[in-house]
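Values quoted throughout were computed directly from the atomic coordinates according to the rules given, and no laboratory measurement underlies them. The shown structure was predicted, so the numbers you read here are calculated from the model rather than taken from an experiment. Because the Cβ atoms are built from the backbone with ideal geometry, glycine has one as well, and the counts that use them run over all protein chains shown.
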Amino acid sequence: MRLIGPENENLGVVSIDEAQRIAKDADLDLVEVAPAADPPVCRVMDFGKFIYERTKKEREAKKAQTKIEVKEIRLRPKTNEHHRDLKVRSARRWLQDGMKVKVRIRFRGREISYPEIALNDLKEVAEDLADIAIIEQVPALEGRTMLMVLAPGKTVKKK
């Protein structure tokens, strides 16, 4: 097997017994790092320290990830203007916090016959939030609901 020493130096091709002796003399572990290679590659290292550093890097990478939350406001075609404004204020707050907002208008009964009412409502919501949001997904009819997705614009603060 090809052996890499404790100081990352290439010790060449050695027997398994010789590699184990070198690892024992250095008071470290013998770890196979490339079993598919010809000959297989082993490394003399502190395996516990290696695992610790790898998990530490994974934690740091996970911390650096940005999680985009999606909030939703639900309306109906008959929702009055005051109630819609209340929902729009909540959506504005979420967009300022860097979250995406789904605006869903649910149809009941024969309301589905008048999708233009819902489309007008969604356009008004988009206009109210135009200063801080962009339309990520245009209004589309999905079953008995019409859905639009708004994303935060350029001038928002992150949590």
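Which shape class applies to region 12-81: rounded if a/c is under 1.5, otherwise prolate when a/b exceeds b/c and oblate if not, where a ≥ b ≥ c are the square roots of the Cα gyration tensor eigenvalues?
prolate
Give the Rg/Rh ratio for region 70-152, taking Rg as the radius of gyration of the Cα atoms and Rh as the Kirkwood radius, to two decimals. Working shown, then result.
Details: Rg = 11.9 Å, Rh = 12.5 Å.
Computed over Cα atoms, the ratio is 0.95.
Summing -39500 (n - 2.57) over the DSSP H runs of n ≥ 4 in the chain and dividing by its residue number, what mean residue ellipticity at 222 nm do you reach, to the nearest 500 deg cm²/dmol?
Values: 4 runs with 58 residues, N = 159.
Dividing the helical sum by the residues of the chain leaves -12000 deg cm²/dmol.
At Leu86 and Gln20, where each label point lies 7 Å from the Cα along Cα→Cβ, what is the point-to-point distance in nanometres?
Inter-label distance under the simple model: 7.5 nm.
Using θ = phi - 60° and the Karplus relation 6.51 cos²θ - 1.76 cosθ + 1.60, list the HN-Hα couplings for region 86-96 in order, rounded to whole Hz, with x at every Gly or Pro.
4, 5, 5, 4, 5, 4, 4, 4, 5, 5, 5
For the pairs Lys57/Lys100; Lys63/Lys102; Lys67/Lys100; Lys100/Lys123; Lys78/Lys100, flag any whose C-alpha to C-alpha distance is greater than 22 Å.
Lys57/Lys100; Lys63/Lys102; Lys78/Lys100
Taking every eigenvalue of the Cα gyration tensor of the chain, multiplying by 5 and rooting it, what semi-axes result, largest first, whole Å?
63, 17, 11
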